[in-house]
Amino acid sequence: MIRKKNVSGVIRERLPQNILNILKQVGRVADELGYNAYVVGGFVRDLFLRHENLDIDLVIEGDAVTFARHYASRFQNVRVRVFQKFKTAVIIYPDDFKVDVATARTEYYETPGALPIVERSSLKMDLYRRDFTINTLAVKLNERHFGILIDYFGAQRDLKDGRISVLHNLSFVEDPSRVFRAIRFEQRFGFKITKLTANLIENAGRINFFDRLSGTRLFSELKLILMEENPIPAISRLAEFDLLKFIHPMLRYDANTTWLLDQIRGVLSWHDLLFLEDSYERWYVYFLGLIEPLKEEQLLELTRRLNMQTKFAETLLWAKGAADHTLFRLYQRENPSPKEIYYLLHELSTEFLLYMMAKTRREGSKKAISLFITQLRNVRPHLAGKDLLDMGYEPGPRYKRILQHLLDAHLDGQVQTKEDEIASVLRRFGPPTKD
Ligand code: CTP
């Protein structure tokens, strides 16, 4: 049964004014063309769950490309990017804010996991081809019906009861990546995958639909899971459904992995409290924790299965080896000096440092890495090439040696101020000579 109610009050109350304005403009432009326009999917779901989500997905009953072009022509500096083959477009605002526009469509897949074949259709068919009931809400935007909520598939009920449920039994056959989405949404919202949907997931595993899923898509779904605020319950759920083996057969969710992932979570919280602004890839640290059991040959297999870009794979293989090797060397040194710590760690990225800090069971090594992250990696001489020039030193390879000397002197605690540095340079390299 179709349930219709007006949610314009909720929209006004919960959305920022600029988003509300966009939705209204969309409705007016659709009216001019005689089209119906809806905002759909995750945006509407999150509106009801009170999760911030500003990814506007529009569905047009009509032609999305015509709509987008007409919309852009009505406002200054608004651009469109068109994907004619898919009958979709992106509206791009002057501040780079983007809105996706799709033609209401029926999609079918010639082979499972392939790109969809697209045909024009109605909103209902468009919503029916989607992954889960909770993603099938639509809000009409045309001026006269602004805010009418359309719920063909019981989405409000499932949102209220916290259920992740597919719309039909072939959902995972059409798109196996939805299995990972189901788990991600379940954990993100604290929902429960329904019994029927869980059976279909098990079935997908038994028949191995995932062989047909490209490495790129598999990796991107895994990444999305690892990007969740706390990905550990979702990883545990992947293991419960016995799905980790499709990423690599040797992945385990055993006591060691659980321990390491928990440590990673702790280390990331420690880091993020200290460095609010520091940007690094949180998901990557969890990824390193997850693939911890893999030996070098298996890591290579993983890079192939996930179709990793060559540069990314090379860095992963190199840094994983370097991190393990460095931990061993740290382990061997009872009380490493700051300079030793610096040179052991300075080539590793924040992600690998955090992974190592989580992985080591030795307090001394943890402290050394923490000292590097909080202090040593930021050590820089005050003097730069320009200052050496001002001091009268001829530019040349010597500059590198002088700056290196100053860095070491800082790490050894021999210099602190600029004056200390100048004195140290003069002592070590002698006064500048004029040729
Ligand atoms: N969708 C789908 N099957 C997929 C991926 C997406 O049916 N494999 C549909 C879903 O209905 C979803 C919409 O396409 O609502 C948009 O997908 P996406 O941008 O990934 O959506 P969100 O649901 O907003 O997820 P997230 O909150 O993670 O961005």
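Every number here is computed from the coordinates shown, using simple stated rules; none is lab data. Just so it is clear, the model here is predicted, and its values are computed rather than measured. Reconstructed Cβ throughout: ideal geometry from the backbone, glycine too, with neighbour counts over all protein chains shown.
State the extension gain, in nm to one decimal, for the chain segment bounded by Lys386 and Asn256, taking 0.36 nm per residue of separation less the distance between their alpha-carbons.
That works out to 41.6 nm of additional length.
Using a Cα-Cα cut-off of under 19 Å, which lysines could be cross-linked to Lys418, ignoring same-chain neighbours fewer than 8 residues away?
Straight-line reach from Lys418, under 19 Å: Lys386, Lys400.
Measure nothing fancy, just the Cα-based angle from helix 350-359's long axis to the longest principal axis of the chain, in degrees from 0 to 90, nearest 10.
Around 80 degrees separate the two axes.
Pop out the ³J(HN,Hα) list for region 191-198 in order, Karplus 6.51 cos²θ - 1.76 cosθ + 1.60 with θ = phi - 60°, rounded to Hz; leave Gly and Pro as x.
8, 10, 5, 5, 4, 4, 5, 4
Give Lys245/Lys339; Lys5/Lys98; Lys192/Lys367; Lys98/Lys195; Lys87/Lys195 a once-over and call out the pairs whose C-alpha atoms are over 31 Å from each other.
Violating the 31 Å limit, Cα to Cα: Lys245/Lys339; Lys192/Lys367; Lys98/Lys195; Lys87/Lys195.
So what's the angle, to the nearest 10 degrees on a 0 to 90 scale, between helix 296-305 and the longest Cα principal axis of the chain?
30 degrees
Does anyone have the angle between helix 310-332 and the longest principal axis of the chain? Alpha-carbon axes, 0 to 90°, nearest 10?
50 degrees
Provide Phe48, Phe97 in ascending order of the number of other Cβ atoms located within 10 Å of each residue's Cβ, fewest first.
Phe97, Phe48
Run the numbers on the chain and let me know its relative contact order in percent, using alpha-carbon pairs under 8 Å that are six or more apart.
10 percent
Among Leu371, Thr350, Ala323, whose Cα lies farthest out toward the positive end of the dipole of region 312-378, if unit charges sit on the beta carbon of Lys, Arg (+1) and Asp, Glu (-1)?
Leu371
With charges only on Cβ, +1 for K and R and -1 for D and E, what is the dipole size of the chain about its Cα centre, in debye, rounded to 20?
That gives a dipole near 820 debye.
In µm²/s, what is D for the chain at 37 °C and 0.692 mPa s, where D = kT/(6 pi eta Rh) by Stokes-Einstein and Rh is the Kirkwood radius from Cα pairs?
128 µm²/s
Looking at Val10, Val99, Gln25, which one has the Cα that reaches farthest to the positive end of the dipole of region 3-160 (charges on Cβ: Lys, Arg +1; Asp, Glu -1)?
Val10
Using only the alpha carbon atoms of region 385-429, find the Kirkwood hydrodynamic radius as the inverse mean reciprocal pair distance, in angstroms to one decimal.
10.6 Å
Let me see the P(r) profile for region 174-308: every Cα-Cα distance counted, bins of 5 Å, each bin given as a percent of all pairs.
2, 9, 20, 23, 21, 14, 7, 3, 1, 0
Given all pairs of different Cα atoms, what value in angstroms does the Kirkwood hydrodynamic radius of region 3-160 take?
Result for region 3-160, one decimal place: 15.8 Å.
Would you be so kind as to identify which of Leu294, Leu260, Trp283 lies farthest towards the positive end of the dipole of region 200-325, taking Lys and Arg as +1 and Asp and Glu as -1 on Cβ and the Cα centre as origin?
Ranked along the dipole, the leading option is Leu294.
How would you classify region 312-378 from its alpha-carbon gyration tensor, with a ≥ b ≥ c the square roots of the eigenvalues: rounded for a/c under 1.5, else prolate if a/b is greater than b/c, otherwise oblate?
Because a/c hits 1.5 or more and a/b exceeds b/c, region 312-378 counts as prolate.
Arrange Glu334, Glu61, Glu296, Glu314 by Cβ neighbour counts within 10 Å, fewest through most, would you?
Neighbour counts put them in this order, fewest first: Glu334, Glu296, Glu314, Glu61.
Based on DSSP H runs of at least 4 residues, each adding -39500 (n - 2.57), what is the mean residue ellipticity at 222 nm of the chain after dividing by all its residues, to the nearest 500 deg cm²/dmol?
Helix-only estimate at 222 nm: -16000 deg cm²/dmol.
When averaged across all projection directions, what area in nm² does the alpha-carbon convex hull of region 1-67 cover?
5.1 nm²
Please arrange Glu240, Glu277 by counting, for each residue, the other beta carbons lying within 10 Å of its beta carbon, fewest first.
By the 10 Å Cβ count, ascending: Glu277, Glu240.
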